[in-house]
Structure formats: C-alpha cells, structure tokens
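Shown next, in structure tokens, is the structure this report addresses.
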Amino acid sequence: MNTSHHPVAIIGAGLGGLTAARVLHVHGIEAAVFDLEAGPEARTQGGMLDIHAQDGQKALHAAGLHDGFREIIHEGGQAMRLVGPDGTVHIATEDDGHGERPEVDRGELRDLLLNSLPDGTIRWGRKATGARPLGDGRHEVAFADGSAITTDLLIGADGAWSRVRPLVSAARPAYTGISFVETDLYEADTRHPRGAALVGGGFFISLGDGRGFLAHRETDGSLHVYTALRADEDWIDTIDFTDHATAKAAVLARFEHWDGGLRSLVADAETITPRRIHALPVGHRWDRVPGVTLLGDAAHLMSPFAGEGANLAMFDGAELASAVAAHPGDTEAALTAYEAALFPRSAASAAESAAGLETMFGEDGLERMTAFFTQGPAEA
C-alpha cells in the first residue's frame, strides 16, 4: 500500500473543507485536501445559496475572500414569492440590494475557494473507505484506489455519510420523512415562460397539505426546483427515475389538484432526480478524541429548512482553522476550543431546521409561513 504523511488532512472538498484549507493557508499552515470526485468539473454543484451575514460571510472574511464573493452575488436573487396550491401569490418581495442573505451560485462559490488555494492542495479521485487510529492522536485514512495517508490532524468534512465520523460517534443520519425530487428548466424565459413568470427572479415557495415546491432562479436563467413531499422512505424506490415521463407522472399524481403552472415545474422539466432528506439527531456531539474532528454535514447534518447547511459548514471550517492557528503546537487545545463552540451552535441550527420542516410541511404550512414572513417567527 502506498502511504504518505500529511500533518493536516481534510477529507472532503466541499465548501466547509475548502474554507478550512483556505483559512489555514491564510495563517501559513499547509493542509492536504482529499476528495472522491475525479476533478473540480466532475459534476454540477447544485443550485443557489443564500450566504448569511452572521456565519457564511464571516467565514469569507476570515478567508480573505469577501470581496470576491461580492463579485459573484446574483443581483435580484433575494426576491421571494410565497404561493398557494391554486397559484395565488400570498407574499412577494423584491430584492432591494440591502438584504443580509445575498444569493450566489454554489459552483461559483466553490470555484472562488478552489482558486484561492495553492496548486496541488486538492488530491482528486481519492474516495475514503475508512479511517483508524494509530495512537498519539495520529490516524490513517484508506482510499478506494489502494492508497493511504497518515496524519496528525484529521478533519472530516466528508458530508452526510462521513467515513471519518465513526472515529468519534456511532450516530448515523436518519430519514426525516421528506423526499425531494429535483428538476431543472433551462432557458426558462424563452422555453418555459409560464414557469419563469410564476417563480420570478429569486426564491420561490409554494406549500400546501404537507408538500410543495421550492425553486430558485439561477444565474444562467434556468429554474432549479425542489418538489418536496412527505413520503415513506421507500417511496422513491417505487418509481423508475430513468424513465422521465413515468417519474414525472408519479410525482404529479401527488399534486393532482394543484395549479397548472406549479405542475409545469415538473411536467416541463429537462431533468429529474430524487433525493431523500436525512438528518443527524439534533444536538449531535461527541467526546473529545485526540487528533480528529468533524465539520459541516459530517458533524451536524440537518434538513435544509433553515437555510444554514452551507453557511455553517463554511463557518465551521473558518472557526476550526482559526483555532488551530491560535494554538500552535497544541492540536488538542485547538480542537477543544473549536468543539466547545461548535456543539451549541450546531444544535441551535439543527433545532431550527427541524422546526422549519414541521412548519412548512404541516397541514397549515402555507398559513404559518405567511405569518412568518409578515410577522416574524413566533415566540417560543
């Protein structure tokens, strides 16, 4: 087995892992990042993200990339519409350019981070298959290609099904009861004017009877849509998603009496992809294990209904890297400080996400979300 040693190893080149590597680099600390994808262009990186002032943007400031972030903001992306199943618009707000949650394309944000790192920082095509302790805080990580690394500081930034997490926790993500079916409608204004007019220029929500549509206007003019519904965990397995016509019919059967414009977000789509929504237990934490820690979804996978996943991952990465820089030569002090703040922060956001799921996909989800946007969140 070909084995190399890296003082700091980050498993996962998502937004959190890249932010950690970048902030370490800012402080003069070299890190090696290992990712299962073949390269930076191996797949599309998903839709729009709203980057929050209190966490995601703080991480970008720590990374020295906030000016670059401002250059890729999707102007108009903070507009929002909330619509009922009959197509009636209940809330409509415009983007005045002063909101604290500007929208960016996930792929462009990832590129900003990738391009800020020294050449060779990312080792592509390295799918982690397991990790084990070697003693004295050191760990070994094995990869599917037969290679392995050893490291003094192992950072698990490898997402929901993390191969690093078992070193610190036996917890596994559980199905939340919500399934997504993602669709894309390209060149929306010209090819899909009905859907484009309905969604508008920013974020779009339609809710009712435990289901709904969540959509974004992308920077390329396409619509990226998440059709969401309460469903048994095996519901997706009953549908042949390789046959788009059959899959669309199965999804639309759950929206039989909804407005035709809303149904067109599935019926007229060029792509269709299923995804179950999983989450770790709210308040997930672990005892301090020498030489290893987690960030992002590996640490606190939650449903997307508070909009905090990417923001927290980036903030985790920045906070962890800053703690390492603040405790030179004392990894355990750095990880203790990082985790002391990580656990309550992630627990609060996970609870908010779980509550958001129940709000949006309850029987009165439309009414409760209308109240939220007009009156603010209810007092606990």
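Taken together, the values in this text are just the output of simple stated rules run on the coordinates, not laboratory data. Please read these numbers as outputs of a predicted model, since none were measured by experiment. Ideal geometry is used to build each Cβ from the backbone, glycine not excepted, and the neighbour counts take in all protein chains shown.
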Ordering of 290-298, 331-339, 168-176 by burial proxy (mean other Cβ atoms within 10 Å per residue, highest first): 290-298, 331-339, 168-176
Starting from the Cα of GLU256, step 7 Å along the direction of its Cβ; do the same at HIS327; then give the gap between the two resulting points in nm. 5.9 nm
Report the label-to-label distance for THR242 and ALA171 in nanometres (one decimal), using points 7 Å from each Cα along the Cα→Cβ vector. 3.7 nm
Local electrostatic count, ILE72, Cβ distance below 9 Å [Lys/Arg +1, Asp/Glu -1]: -3
Considering only ILE73, ILE239, ILE272, give the residue with the highest GNM mean-square fluctuation for the chain, with springs between Cα atoms whenever their separation is below 10 Å. ILE239
Amide H contacts under 5 Å for HIS90, placed H, 5+ residues apart: LEU82, VAL83, GLY84
Evaluate Rg over Rh across the chain, taking Cα atoms for both radii and Kirkwood's formula for Rh. 0.98
Could you derive backbone 3J(HN,Hα) for the stretch 137-144 from the dihedral phi with the Karplus parameters 6.51, -1.76 and 1.60 (θ = phi - 60°), listing whole Hz in sequence and x where the residue is Gly or Pro? x, 8, 9, 10, 10, 9, 10, 5
On Cα atoms only, tilt of 331-360 relative to the major axis of the chain in degrees: 10 degrees
Hey, what angle do you get for helix 15-26 against the long axis of the chain, alpha-carbon based, 0 to 90 degrees rounded to 10? 40 degrees
Please state, to two decimals, what the Cα-based radius of gyration of the stretch 174-279 comes to when divided by 2.2 N^0.38 Å (N = residues). 1.01
Dipole of the chain (Lys/Arg Cβ +1, Asp/Glu Cβ -1, origin at the Cα centre): which of VAL282, THR238, GLY307 lies farthest to the positive side? VAL282
Cβ under 12 Å from LEU280's Cβ, LEU280 left aside: what net charge do those residues give with Lys, Arg +1 and Asp, Glu -1? +2
Spin-label proximity, GLU30 to the stretch 137-156 - amide N less than 18 Å from point 7 Å beyond Cα toward beta carbon: 149-155
Compute the signed sum of charges (Lys and Arg +1, Asp and Glu -1) over the other residues within less than 15 Å, Cβ to Cβ, of LEU117. -1
If MET302, MET314 are placed from fewest to most neighbouring beta carbons inside 10 Å, the sequence is MET302, MET314
How much mean residue ellipticity at 222 nm does the chain get from its helices, if each DSSP H run of length 4 or more adds -39500 (n - 2.57) and you divide by all residues, to the nearest 500 deg cm²/dmol? -10000 deg cm²/dmol
Whole-Hz Karplus ³J(HN,Hα) for the stretch 253-269, in order, using 6.51 cos²θ - 1.76 cosθ + 1.60 and θ = phi - 60°, x for Gly and Pro? 4, 7, 10, 4, 9, 7, 3, x, x, 5, 4, 5, 5, 9, 4, 9, 6
Stretch gain in nm, segment GLU94-LEU134, where the contour uses 0.36 nm per residue and the Cα spacing is subtracted: 8.9 nm
If one computes the Cα centroid of the stretch 9-44 and of the stretch 321-380, what distance in Å separates the two points? 23 Å
Which percent, to the nearest 5, of DSSP beta bridges fully inside the chain are antiparallel? 70 percent
